[in-house]
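*Asks:* Let me begin by handing over the structure; questions about it come next.
Just so it is clear, none of the values below were taken in a lab; they were calculated from the coordinates. For clarity, every value in this text was computed on a predicted model and none was experimentally measured. Cβ atoms come from the backbone with ideal geometry, glycine included; neighbour counts cover every protein chain shown.
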Amino acid sequence: MSSRRCSATATTITGVASDGVIRLDSIQREVILGELANMLARPLPPAAREPYDNLKQCVEDNLDVPSELSPHLAMMIEASIISGNARRFGAGVQQSMVALYQKTRPGAAIAESIAAVNAALEKVAGHRIEAISTTLRAPGSYAMTLKTDQLQMVVVLDRTGLSIESLEVNLG
């Protein structure tokens, strides 16, 4: 019996204009409109409802979302991924939503934190790993401790991204 592995890559036309406007593709538009319909069906105070009404209007009128609505778009993208609604459109659509999320302000901040931690972890290359452990700090917040022959680093992973909480270097 033979086994074959297949993979596919989703291509999207999602982009960020020079003025910070995030452009959706038509499938992303449908996913976001579905999440907005779910959210706006709930009773919300007017002040909480207004940005989502504005986002809905932008997405219905065209495929462009202004930068000031980026955090609210990010919330809808997160909801679509966490709830599994994006996956119902197909695995490629979920990947597309992740790519879209990275174009929002919250997504870009997380991507920057990941890059910073990865840069720090590159410095560990060649070290002998003595211990690695993880702990729960709070729901949705975790710490990973990495101890090598030359340092000990604590990396915190939470909804805001990754950060290096502490770094101890063995100088002796």
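*Asks:* In debye, nearest 20, what is the charge dipole magnitude of the range 27-172 about its Cα centre with +1 on Lys and Arg Cβ and -1 on Asp and Glu Cβ, if you could check?
*Replies:* Once rounded to the nearest 20, the dipole reads 320 debye.
*Asks:* Also, I was wondering about something else. Val21's amide H: which non-local residues (gap 5+, or another chain) put their own amide H closer than 5 Å, with H modeled 1.01 Å from N in plane and none for Pro or chain starts?
*Replies:* The list, which skips near neighbours in sequence, is Ser67.
*Asks:* Here's a follow-up. List the relative contact order of the chain as a percent without decimals, with contacts defined as Cα pairs under 8 Å and 6+ residues apart.
*Replies:* 16 percent.
*Asks:* With a 10 Å cut-off between alpha carbons and a GNM built on the chain, which of Ala99, Ala74, Ala119 moves the most?
*Replies:* Ala119
*Asks:* Starting from the Cα of Ala131, step 7 Å along the direction of its Cβ; do the same at Asp64; then give the gap between the two resulting points in nm.
*Replies:* 5.6
*Asks:* Please get the size of the charge dipole for the range 15-103, origin at its Cα centre, with Cβ charges of +1 on Lys and Arg and -1 on Asp and Glu, quoted in debye to the nearest 20.
*Replies:* 340
*Asks:* Could you derive backbone 3J(HN,Hα) for the range 108-118 from the dihedral phi with the Karplus parameters 6.51, -1.76 and 1.60 (θ = phi - 60°), listing whole Hz in sequence and x where the residue is Gly or Pro?
*Replies:* The phi angles translate into 5, 5, 5, 4, 5, 5, 5, 4, 5, 5, 4 Hz.
*Asks:* Oh, and also: Compute the helix-to-body angle for 70-83: its Cα long axis versus the longest principal axis of the chain, expressed 0 to 90° and rounded to tens.
*Replies:* 80
*Asks:* Still on this structure: Report the FRET efficiency, 1/(1 + (r/R0)^6), for Leu151 and Ala48, where r is their Cβ-Cβ distance and R0 is 45 Å, rounded to 0.05.
*Replies:* The computed FRET efficiency comes out at 0.50.
*Asks:* Any chance you could give the angle, 0 to 90 degrees and rounded to 10, that helix 46-61 forms with the longest Cα principal axis of the chain?
*Replies:* For 46-61 against the chain, the angle is about 70 degrees.
*Asks:* Given the DSSP H assignment, sum -39500 (n - 2.57) over each helix run of at least 4 residues in the chain and divide by its residue total; what's the result at 222 nm in deg cm²/dmol, nearest 500?
*Replies:* Rounded to the nearest 500, the figure is -14500 deg cm²/dmol.
*Asks:* Charges on Cβ only, +1 for Lys and Arg, -1 for Asp and Glu, centred on the Cα centroid of the chain; of Ala41, Thr148, Pro71, which one is farthest towards the dipole's positive end?
*Replies:* Farthest towards the positive pole: Thr148.
*Asks:* Something else about it: Are there trypsin sites (Lys or Arg not before Pro) in the range 134-168 that DSSP marks as loop and that have at most 13 other Cβ atoms within 10 Å, and which are they?
*Replies:* Qualifying residues, ordered by number: Arg159.
*Asks:* Please report the spacing between the Cα centers of the range 70-108 and the range 25-50 in Å, no decimals.
*Replies:* Cα centres, the range 70-108 to the range 25-50: 13 Å.
*Asks:* Further question: Compute the length gained on full extension between Ser163 and Ala91: take 0.36 nm times their separation in residues and subtract their Cα-Cα distance, giving the result in nm to one decimal.
*Replies:* 23.0 nm
*Asks:* Could you order the peptides 22-32, 107-117 from most to least packed, using the average number of other C-beta atoms within 10 Å per residue?
*Replies:* Answer by packing, highest mean first, reads 22-32, 107-117.
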